[in-house]
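*Asks:* To start, I am sharing the structure in question, which I have written as structure tokens.
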Amino acid sequence: MLPTESATRDGRPLVLRRATAEDAEALVAAVDAVSRERAYLLRSRFHQPIEDEREFLARAAEEGRLVLLADVEGRLAGWVTLGRPRQDYRRHCAELGIGVLAEWRGLGVGRALMEVAIAWSAAQGLERLELGVRASNHRAQRLYERLGFVEEGRARRAVKDEDGRYDDVIAMARFL
Ligand SMILES: CC(C)(COP(=O)(O)OP(=O)(O)OC[C@H]1O[C@@H](n2cnc3c(N)ncnc32)[C@H](O)[C@@H]1OP(=O)(O)O)[C@@H](O)C(=O)NCCC(=O)NCCS
């Protein structure tokens, strides 16, 4: 299934592949850049030490996690992670997180990442994918809905931005 080769909506080469330890630095920088936009992720920066990230990536496969990267013209454009809850009774589930760098949004990269993540999950025998999305993040919600995710609930005012404005966090899930 991986790697896959396709193209962005404007015709640039798009490769989706599993992350390796060598991607640690670029991935930390990418997650930090999207975090610093302070609008989408549930953190405002990402300061993971590179060595810790290398470990995290090196152990992903043996721990049943997926860290999938999208390269556009050889540059890291986005990622999707599927985390696996540790509790026995939650082993049929995975928690999804996704980000595409601002420069590459709206070109089909997020959709491509999601489609492979869903296919990978089904192939692993997982039954349920879960995620949380800020209520103000309509683009992400639309993507999830088009791919079969359904709203399950809402944590009201769960996020408070620096300017004092609140946001809800919507819980969404998709059965496989
Ligand atoms: C949300 C995100 C992952 C979507 O990825 P993307 O590569 O920009 O989106 P795509 O080009 O693949 O488009 C996917 C869908 O999103 C929707 N979409 C794309 N651009 C949009 C826009 N500007 N406004 C509204 N919806 C939009 C469309 O419904 C599209 O569906 P389609 O393929 O049927 O046309 C990406 O924009 C992103 O990383 N944003 C910032 C971080 C973030 O929000 N992460 C998710 C946190 S829960």
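The values are calculated or read from the model by the stated rules, or taken from the named source; none is laboratory data. Everything numeric in this text was worked out from a predicted model, so none of it was measured. Backbone-built Cβ (ideal geometry, glycine too); neighbour counts: all protein chains shown. Note: areas computed on protein heavy atoms with side chains; ligands, DNA, RNA excluded. Shrake-Rupley method; radii C 1.70, N 1.55, O 1.52, S 1.80 Å.
*Asks:* Which members of segment 121-133 meet the condition of being more than 7 Å from the ligand (Cβ to nearest atom) and open to solvent by less than 20 Å² (accessible area, probe 1.4 Å)?
*Replies:* Hits for segment 121-133 are S121, L126, L129.
*Asks:* Hey, among G83, G132, G110, G78, which residue is within 12 Å of the chain's Cα centre (by Cα) and without any contact (Cβ under 8 Å) to a residue 24 or more places away in the chain?
*Replies:* Sole residue among the options that is within 12 Å of the chain's Cα centre (by Cα) and without any contact (Cβ under 8 Å) to a residue 24 or more places away in the chain: G83.
*Asks:* Looking at I98, is it under 15 Å from the mean Cα position of the chain (by Cα), at pLDDT 95 or above, away from the ligand (no atom under 13 Å from the Cβ) and within 26 Å of L27 (Cα to Cα)?
*Replies:* When the stated conditions are applied, I98 does not pass them.
*Asks:* Output the residue which, of all residues in segment 1-28 that are outside any loop (DSSP other than H, G, I, E, B) and among the polar types (S, T, N, Q), is farthest from the ligand (Cβ to nearest atom).
*Replies:* Out of the qualifying residues, it is T4.
*Asks:* Right, something else. Hey, can you tell me all the residues within segment 109-120 that are surrounded by fewer than 18 Cβ atoms within 10 Å (Cβ to Cβ) and more than 28 Å from A158 (Cα to Cα)?
*Replies:* Matches in segment 109-120: E115, A119.
*Asks:* Then there's this: With the checklist (1) within 14 Å of the ligand (Cβ to nearest atom); (2) assigned to a helix (DSSP H, G or I); (3) among the small types (G, A, S) in hand, flag the one item A77 doesn't pass.
*Replies:* Looking at each condition in turn, A77 falls short on (2).
*Asks:* Just name the residue that is nearest to S44 (Cα to Cα) out of those in segment 3-32 that are acidic (D, E) and out of contact with any Leu (no Cβ under 8 Å at 6 or more places or on another chain).
*Replies:* Among residues in segment 3-32 that are acidic (D, E) and out of contact with any Leu (no Cβ under 8 Å at 6 or more places or on another chain), the one nearest to S44 (Cα to Cα) is D32.
*Asks:* Quick test for you: out of E145, E103, pick the one residue that is assigned to a helix (DSSP H, G or I), open to solvent by 20 Å² or more (accessible area, probe 1.4 Å), under 20 Å from R36 (Cα atoms) and modelled with pLDDT of 95 or more.
*Replies:* Going through E145, E103 in turn, just one is assigned to a helix (DSSP H, G or I), open to solvent by 20 Å² or more (accessible area, probe 1.4 Å), under 20 Å from R36 (Cα atoms) and modelled with pLDDT of 95 or more: E103.
*Asks:* Being over 13 Å from G110 (Cβ atoms) and near the ligand (Cβ under 9 Å from one of its atoms) is the filter here, so list the residues in segment 146-168 that pass it.
*Replies:* Passing the criteria: none in range.
*Asks:* Of all residues being over 13 Å from the mean Cα position of the chain (by Cα) and open to solvent by less than 70 Å² (accessible area, probe 1.4 Å) in segment 29-48, which is farthest from the ligand (Cβ to nearest atom)? Just the residue, please.
*Replies:* The selected residue is Q48.
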